[in-house]
């Protein structure tokens, strides 16, 4: 179990400052280290629990399961291990919920399922999230935590970049508000598609945000990059993110946004 979800045992260690913390204290702090402010990763279930109205989340699309379309070596085994680790059939949990009694259509990525990679099923769940926003006339909220496209599905995975982007455009055409939340990490194909084309883009502090990974960027040797390169703070300075929001402020911030942006849907 991750520190942010309530690590087993009495004590746990902060992944950033290495301080020994009371597991219960870190859990109550929503996975944010009280010493250094590091935001530990959350499971999709814990993210939903701390963000939306209690008991309001209804999971949909839970029966969807990835297959092995190109018979990639060991992919089926990796899927079985990821299912056992997370309790989910893929890396995105999707459904409907409420924020201060305002209905919303939501998708939340769990990084523990194969790095939150974007495969055919994960993308289908995200697309259905947008389609429910259209059908029910509710704002759409997507939490991203991904290393990018799922390499084990080859071109099938890359096709999902266009598929999710098109779903966002359909919502935009009908004035359905879409809020994207970057969490650590939001990278590569996910960043290059639905995550970065929302009406409002938020991010948790110090989330890794970028297209190519740090090793690939270093190999390019184009120029010396700043110390905060590929962080939420760096891309905020360059206009990609609208606001960096600490986890404790995320729920009230989202409530204000859905009230402001979705008023015409309830009117």
Checklist line | Check on residue 52, surrounded by 21 or more Cβ atoms within 10 Å (Cβ to Cβ) and either more than 18 Å from residue 167 (Cα to Cα) or not assigned by TED's automatic domain parsing to the domain that holds residue 179 (or both) | finding: yes
Check: Which of (1) under 24 Å from residue 210 (Cβ atoms); (2) free of Cβ contacts under 8 Å to residues at least 40 places away in the same chain; (3) surrounded by fewer than 23 Cβ atoms within 10 Å (Cβ to Cβ) does residue 172 not meet, given it meets every other one?
Finding: (1)
Next item on the list: Residues that are modelled with pLDDT of 80 or more and loosely packed, with under 15 Cβ neighbours inside 10 Å: find the helices (runs of 4 or more DSSP H) completely inside segment 209-267 holding 3 or more of those.
Entry: 247-261
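Per-residue answers, yes or no, for (1) without any contact (Cβ under 8 Å) to a residue 12 or more places away in the chain; (2) assigned to a loop (DSSP other than H, G, I, E, B):
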residue: 48; (1), (2): no, no
residue: 56; (1), (2): no, yes
residue: 62; (1), (2): no, yes
residue: 71; (1), (2): yes, yes
residue: 78; (1), (2): no, no
residue: 84; (1), (2): yes, no
Checklist line | Residues that are in contact with a strand residue (DSSP E or B) (Cβ under 8 Å, 6 or more places away or on another chain) and either surrounded by 18 or more Cβ atoms within 10 Å (Cβ to Cβ) or in the same structural domain as residue 111 (by TED's automatic domain parsing) (or both), drawn from segment 24-40 | finding: 26, 31, 32, 33, 38, 39, 40
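The values are calculated or read from the model by the stated rules, or taken from the named source; none is laboratory data. Quick caveat: nothing in here was measured; it's all calculated off a predicted structure. Don't worry about glycine lacking a Cβ; one is built from the backbone with ideal geometry, like all the others, and counts go over all protein chains shown.
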